[in-house]
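To keep things clear, I will list the structure first and then write my remarks on it.
The values are calculated or read from the model by the stated rules, or taken from the named source; none is laboratory data. Keep in mind that what you see is a predicted model, and the values were worked out from it rather than measured. No Cβ is skipped: glycine too gets one built from the backbone with ideal geometry, and neighbour counts run over all protein chains shown. Areas reflect the complete protein model, heavy atoms only, side chains present, ligands, DNA and RNA absent. Shrake-Rupley method; radii C 1.70, N 1.55, O 1.52, S 1.80 Å.
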Amino acid sequence: MTILKEGLLSSSPNLLSMKAKIRSLSTTNLEVKESRSHGFEFVFVFPLPSAVTNEEEQAFRKRFLRCTGKEGTGHGSSHIRSYDDVISHAVLSPALREAAKLESCSSLSEARNCTTEMVCSFFESLGASLDAGIEMHKFTSEDCDELFVCVKVSDALASSLAEMGGYPLELKPDSLERLHIKLADKRNLVPAFVNCDMELSRHGWFAMYEKPEQSGEFSILRPVDRMRLLHNKITDYLDLHELQRTGLLKDMFPAHNKKSLVLLLESWANFRHMLSPAQPFDEIRDYFGEAVAFYFLFLGFLVKGLLWLLVPSLACSALWLLGYADAAQGIFCGCLVTWSTVLNKCWKRRQTYYSTKWGTNRHDAQMHIQDPINPRFHGKKRPSPVDENMLVLEPDRVKRLLGFSISLVISVLLTSLVIYGVAKNQMIAGKLAESGNKNASAIAAVLLSIQIQFWDKLWDYVLVDWLNDLEQHVTLYEADQSRVSKTFVIKFVNAFNAFFYMAYFQPWTDPEGCLGDCKNYLREQIFIVFMTYITFGFMDMILPYVTFKAAIWWETREMIKHGQEVFQMSFLEQQGKMAEYTGKDERADYLQVVLPLSFVMLFGTMMPTVVPLAYLALAFQIRTHAVKLIRSCRRPFPVRAGGIGVWDNILSVLSYLSILNAVGLLVAQLDDIGTTVPGFATLAQALEIPKNGPAAKVLYFFILQNTFMALKLAFDFAVSDITAATLIERTRQELQRVRIFDRRHNEFHEEIKLRGSTDLERSAFHLVPPLMPGHPMHVLPVS
């Protein structure tokens, strides 16, 4: 097939008629049931084999077919990798690699054709070996240079995969009676999750979920369950990330479901609900998975928490305006310390409730669903320390230790540069003030904001991924958690070290730099930087939507330029243009939540008005992030999670830092703390020290800090992280699992056969028609 693409085309007189013929195939020769227009688990995007340019061929040869050293052949010998080597390297099982019927390739077009057939043959043999159906639908892209393969597993195949993997499924509420468990009050009952067993399923033990694409039909597996099971099975055999790295597979992503998106747009991703923290958490979990659901649960919880702090903050702001600044700061210090302690405890209890409700609070040894592998990790398989018969990916210990050492050194060096930049910023502000510039404070704040954003972007786009790769993280979850830990420390220091300097050191070392009033100078700097930070956060949310629309516009422009027929792109194809939502994006979203919260918890006593500002920012963020996920991003892989991970620890650390800094600011910034805080003046008099002198302030700090810390520790000890109701539900679930333990297991396994040919004419991928309007599979994008 001749493709309308620059560098590929020869002016053929039959070109337009050939394109018209292919277009007609989408409506005349391909009959597809209406039910198939929804419900695909995954979409695989392959570069069309017949659309290879000479430039692409040469670039592939140069990058992947270069000479490499060959072990055992002596010094100076070399081995030229072939197309076959590149393809077979993506087949993980040595036995399957030897048995695969892959024809030898001599060009990139043949390699693409072979790879596409190989992946399709995997799905065909998976369904055939388990005597269950799997549905594939193919179509070419609007500009005819990509092949889309949409995959949907049948109920029978999904159930077989669930039983083979020991996948946890929730029991029906009425299962308790069948297990001879009596409960009078079942209003808040959370049935147990047990490993999938088809005998139990046949007897109706498991909860049923309505299929989004087929109203009135139910299944024991949700779409997110099917996605996990299918992804787990294919990654047992094929290294999809390696295929993507070589360009033989362009993209792979879970498919959106339009019907579900429309419902979420109405009930969740809607700015009519902007000021409300209410969200359909169960529906979010059923569509995006537990990891995304916990993020929005955390975000909504913080918005509710800020509502409780809103009244004290407004009252103290009014006192500040009326001239009672010291009293306002003292009162709000007590409110903030109490609030941060209770907030942390309430979140832990809420998190454990939902992890119990969603069945992610325990790891079942019988479940064989693997954690996704970090695609940036390149290591070797070694015998598992648990069972040496099993080969598992493990990092090189020496390289790992060296990587952690380099990461630590670079992080410390960057932190030092950030602190040095703050010092230079304050020197500039001081010189501007000495020269009589009335806007010195505002200029310094803007420069500080620019500096913060500069170091942030340098870390995000240059350093963090490189350092994380050096640390040799095997799983994607481990890599994301490590990236989060380093990033938070760097960004925390970057965002707040300037304010610590202004609060504790500048009044004594450089009072001229803060224009003679360090308290108001600090408040002004906090306000400007806080607002600038929120503004940049909103820009980060808008960027994916702009990028997505620009990609569609550019492709349409190129088609018009080359005289191609332009039609409404289908929703399935549009998803290929959307941005991928990765761990990096999730980390950025969490930071946009945690850093405004940090402003409140650390510096709220200096400026209580940050509380309503943070409330508005986070409430708005619920809706903007929801809209981003639905309208601008591909459906993320539904990761199972028992909570918010390392962010839980970060919230705990912030609650302690909140006490230390609130007390520190109270002591450092109050002009007459000896009089403001009851009893301090008497104590200073008894000790015969000035009530507002340095010695007295140090004494006051230790008294207040130890008092608040003791109260916090006592509260944490007295109040459990798990509510009594959640603890009872966990005990009930364990009893249900014990009662149902003795059940029958079916022994069966799949038999995978791979094949791939280099015959482009026989495969005829280039004759697969685009998805045009009028075709039953053509679903318009979400409006």
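In the chain, the C-alpha radius of gyration followed by the widest Cα-Cα span (Dmax) gives 30.4, 104 angstrom. Against the chain, whose longest principal axis comes from its Cα atoms, helix 223-237 is set at around 70 degrees. For ASP721 and LYS186, the FRET efficiency from 1/(1 + (r/R0)^6), where r spans their Cβ atoms and R0 equals 22 Å, is about 0.30. Compared with the alpha-carbon gap, the fully stretched path from VAL698 to GLU734 is longer by 7.7 nm at 0.36 nm per residue. Could you tell me how far the Cα centroid of the range 621-638 sits from the Cα centroid of the range 449-491, in Å? Their Cα centres are 22 Å away from one another. Assuming charge only on the beta carbon of Lys and Arg (+1) and of Asp and Glu (-1), the dipole of the chain about its Cα centre is about 880 debye to the nearest 20. Using a 7 Å offset from the Cα along the Cα-to-Cβ direction at both GLU558 and ARG272, what is the distance between the two label points in nm, to one decimal? It works out to 4.0 nm between the two label points. Taking the Cα centroid of the range 311-330 and of the range 569-594, what is the distance between the two, rounded to the nearest whole Å? That distance is 42 Å.
With Cα atoms defining each centre, the range 138-160 and the range 165-214 are spaced 31 Å apart in the structure. On the principal axes of its alpha carbon atoms, the range 577-707 extends 73, 28, 18 Å, with the longest extent given first. In the chain, taking the dipole from charged Cβ atoms about the Cα centre, the farthest positive-side position among PHE637, HIS562, SER267 is held by SER267. Each residue of the range 115-131 was assigned a 3J(HN,Hα) from its phi angle through the Karplus curve 6.51 cos²θ - 1.76 cosθ + 1.60 (θ = phi - 60°); the sequence is 5, 4, 5, 4, 5, 5, 5, 4, 5, 4, 6, 4, x, 5, 5, 9, 6 Hz, with glycine and proline shown as x. Once divided by 2.2 N^0.38 Å, the Cα radius of gyration of the range 480-637 becomes 1.41. Taking 0.36 nm per residue of separation and subtracting the Cα-Cα distance, full extension of the segment from ALA318 to GLU580 would add 89.8 nm. Sorted into 5 angstrom bins from 0, the C-alpha pair distances of the range 432-553 split as 2, 9, 15, 16, 15, 13, 11, 8, 5, 4, 1, 0 percent.
Here the Karplus curve 6.51 cos²θ - 1.76 cosθ + 1.60, taken at θ = phi - 60°, turns the phi angles of the range 760-765 into couplings of 5, 5, 5, 5, 6, 5 Hz, with x standing for Gly and Pro. Partners of LYS357 within straight-line reach, counting aspartates and glutamates whose Cα lies under 15 Å from its Cα and excluding those fewer than 8 residues away in the same chain: GLU170, ASP282, GLU283, ASP286, GLU290, GLU729, GLU734. Here the range 646-783 yields Rg over Rh of 1.44, to two decimals, using C-alpha coordinates and the Kirkwood radius.
For the chain, what relative contact order do you get, as a whole percent, if you take Cα pairs closer than 8 Å and at least 6 residues apart? Intermediate results must be reported in sequence, preceding the final value.
Values: 1061 pairs, mean separation 200.2, N = 783.
Once divided by the residue count of the chain, the mean separation gives 26 percent.
Stretching GLN58 away from LEU711 to a fully extended chain increases their span by 228.2 nm, per 0.36 nm per residue minus the current alpha-carbon distance.
Relative to the longest principal axis of the Cα atoms of the chain, helix 54-64 runs at roughly 70 degrees.
Given the peptides 464-471, 286-293, arrange them by the average over their residues of other C-beta atoms within 10 Å, most packed first. Walk me through the intermediate numbers first.
Working: 464-471: 18.8, 286-293: 23.2.
Put in order of decreasing packing, that is 286-293, 464-471.
Distances between placed amide hydrogens fall under 5 Å for PHE206 paired with LYS172, all partners being 5 or more residues away or on another chain. What is the helix-to-structure angle for 518-561, meaning the angle in degrees between its Cα long axis and the longest Cα principal axis of the chain, kept from 0 to 90 and rounded to the nearest 10? Roughly 10 degrees, rounded to the nearest 10. Amide H to amide H, with H built 1.01 Å from N, GLU146 comes under 5 Å of LEU48, SER141, counting only residues 5 or more places away or on other chains.
The packing ranking, built from the mean of other Cβ atoms within 10 Å per residue, places the peptides 328-340, 707-719, 771-783 in the order 328-340, 771-783, 707-719, highest first. Computed over protein heavy atoms with a 1.4 Å probe, the carbon and sulfur contribution to the accessible area of the chain reaches 60%.
If you take the alpha carbon atoms of the range 214-285 and fit the smallest convex hull around them, that volume is 152 Å³ per residue.
Using just the helices of the chain, give the 222 nm mean residue ellipticity in deg cm²/dmol: DSSP H runs with n ≥ 4 each add -39,500 (n - 2.57), and the total is spread over all residues, rounded to 500. Provide the component values of the computation, followed by the final result.
Numbers: 29 runs with 449 residues, N = 783.
That comes out to -19000 deg cm²/dmol.
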